[in-house]
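The next block holds one structure in the form of structure tokens; read it before the comments.
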Amino acid sequence: MPESSKVIISCAITGAIHTPSMSPYLPVTPEQIAESAIGAAEAGAAIVHLHARDPETGRPDQSPEAFGRFLPVIKQRANCIINITTGGAPWMTVEQRAKPVAVFKPELASLNMGSMNFGLFPMLNRYKEFKHAWERETLEASRDFIFRNTFKDVESILQICSETGTRFEFECYDTGHIYNLAYFLDRGLVKPPLFVQTVFGILGGIGTHPEDLMHLKRTADRLLGDAYRWSVLGAGRSQMRIAAAAAAMGGNVRVGLEDNLWIGPGQLAESNAAQVRQVRKILEGLGLQIATPDEARRILDLKGGDQVAF
């Protein structure tokens, strides 16, 4: 199989959506995040997508100091591509969200391609008791919240990262986000190959029906042509179903506890590595080969792990 046809597995280790009370397996401390990322890489993830958290409360923490507690450990022990979020958490400013990328200059950074409603409050129907006050407050606040990423915000992050040689995981939660990305491509503010992560199943974005998957793929094909590499993530129980469908269509996949806490009906995933192993079985069952980190670097035209600042 040609290297460019191999499937890149990304793993989102902890995120900012799920809270510590939802699963005892959600990585919170720097040690837990590092070990979970390394385990995911050993299981076959070429890319680990990283957020940081306060080790006492599990609240998202976008300070460079928080990332600095685990980034060097992961780099020393795994050859995976490290992808630092610029999404952070909903209440953070764009300057706060971009700061770790400016400081650490990773190979890859995530970038949400537009503002959107980001409804997490339905999880209050499932979870009734919380260890920390911020958990319920954050979920409830999402009823009346817009995740902000204006054109000015996106341009600001693009400028910061262009100065570091960092490339992007462009997160597209709906059709308009792909149009936004095409706009930046037409202006020459982003360069191919674009790593496009289409996101399904967040309330406020596109759903998880197979037609939704096909619609975003057709839109990206029409607007971006051969300038992009396609990846998908399905939130919650749609995770593996979306991954399997997209992989059969030539896509790359993302799994991880940021996107889904479960490994099967009624069964919590005990690690990020467990989800990586599960999706790898699906991919290999389809006759597909998994990209190594170095193959993924070449496919996505990344600068290399020796060019980061950690």
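The values are calculated or read from the model by the stated rules, or taken from the named source; none is laboratory data. Everything numeric here is computed off the predicted structure, so don't read it as measured data. Heads up, the Cβs are rebuilt from the backbone with ideal geometry, glycines too, and the neighbour counts pull from every protein chain shown.
Give the number of residues within segment 8-37 that are over 16 Å from the mean Cα position of the chain (by Cα) and either β-branched (V, I, T) or more than 28 Å from D301 (Cα to Cα) (or both).
Matching residues across segment 8-37 total 12.
Can you tell me which residues in segment 252-266 are without any contact (Cβ under 8 Å) to a residue 60 or more places away in the chain and either in contact with a helix residue (DSSP H, G or I) (Cβ under 9 Å, 6 or more places away or on another chain) or closer than 19 Å to I17 by Cα (or both)?
Hits for segment 252-266 are N260, W262, I263, G264, P265.
Of all residues in segment 207-241, which are farther than 12 Å from N260 by Cβ, part of a helix (DSSP H, G or I) and either in contact with a strand residue (DSSP E or B) (Cβ under 7 Å, 6 or more places away or on another chain) or small (G, A, S) (or both)?
Once the filter is applied, which keeps residues that are farther than 12 Å from N260 by Cβ, part of a helix (DSSP H, G or I) and either in contact with a strand residue (DSSP E or B) (Cβ under 7 Å, 6 or more places away or on another chain) or small (G, A, S) (or both), segment 207-241 yields D212, L213, L216, K217, A220, L224, G225, A227.
Would you point out which residue out of N180, N149 is in a loop (DSSP other than H, G, I, E, B), in contact (Cβ under 8 Å) with a residue 40 or more places away in the chain, over 20 Å from R254 (Cα atoms) and not hydroxyl-bearing (S, T, Y)?
N149
Being modelled with pLDDT under 95 and crowded, with 18+ Cβ neighbours inside 10 Å narrows it down to one residue among A102, A89; which is it?
Numbers: A102 fails: modelled with pLDDT under 95.
Of the residues listed, the single one that is modelled with pLDDT under 95 and crowded, with 18+ Cβ neighbours inside 10 Å is A89.
Scanning for something touching a Phe, Trp or Tyr at 6+ places or on another chain (Cβ under 9 Å), more than 27 Å from E56 (Cβ to Cβ) and not hydroxyl-bearing (S, T, Y), does segment 132-140 turn up at least one residue?
No; the residues of segment 132-140 include none that is touching a Phe, Trp or Tyr at 6+ places or on another chain (Cβ under 9 Å), more than 27 Å from E56 (Cβ to Cβ) and not hydroxyl-bearing (S, T, Y).
Listed here are the residues, each with its yes/no results for (1) basic (K, R); (2) outside any helix (DSSP H, G or I); (3) over 15 Å from the mean Cα position of the chain (by Cα); (4) closer than 18 Å to I13 by Cα.
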position: A247; (1), (2), (3), (4): no, no, yes, no
position: G250; (1), (2), (3), (4): no, yes, yes, no
position: V253; (1), (2), (3), (4): no, yes, no, yes
position: N260; (1), (2), (3), (4): no, yes, no, yes
position: I263; (1), (2), (3), (4): no, yes, yes, yes
position: A273; (1), (2), (3), (4): no, no, yes, yes
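So which residues in segment 1-50 are among the acidic types (D, E) and either over 20 Å from I81 (Cβ atoms) or part of a loop (DSSP other than H, G, I, E, B) (or both), if there are any at all?
Correct list: E31 only.
In segment 109-120, is there at least one residue being in contact (Cβ under 8 Å) with a residue 24 or more places away in the chain, assigned to a loop (DSSP other than H, G, I, E, B) and of a type in the set (G, A, S)?
Taking segment 109-120 and keeping what is in contact (Cβ under 8 Å) with a residue 24 or more places away in the chain, we get 109-120.
Filter once more, keeping what is assigned to a loop (DSSP other than H, G, I, E, B): 113-115, 118, 120.
Still in the running and of a type in the set (G, A, S): 114-115.
Yes, the conditions are met somewhere in segment 109-120.
Do you know which residues across segment 278-310 are surrounded by 16 or more Cβ atoms within 10 Å (Cβ to Cβ), out of contact with any strand residue (DSSP E or B) (no Cβ under 8 Å at 6 or more places or on another chain), part of a helix (DSSP H, G or I) and not acidic (D, E)?
I282
State yes or no: is P60 within 21 Å of G305 (Cβ to Cβ) and either touching a strand residue (DSSP E or B) at 6+ places or on another chain (Cβ under 9 Å) or buried (at least 24 other Cβ atoms within 10 Å of the Cβ) (or both)?
no
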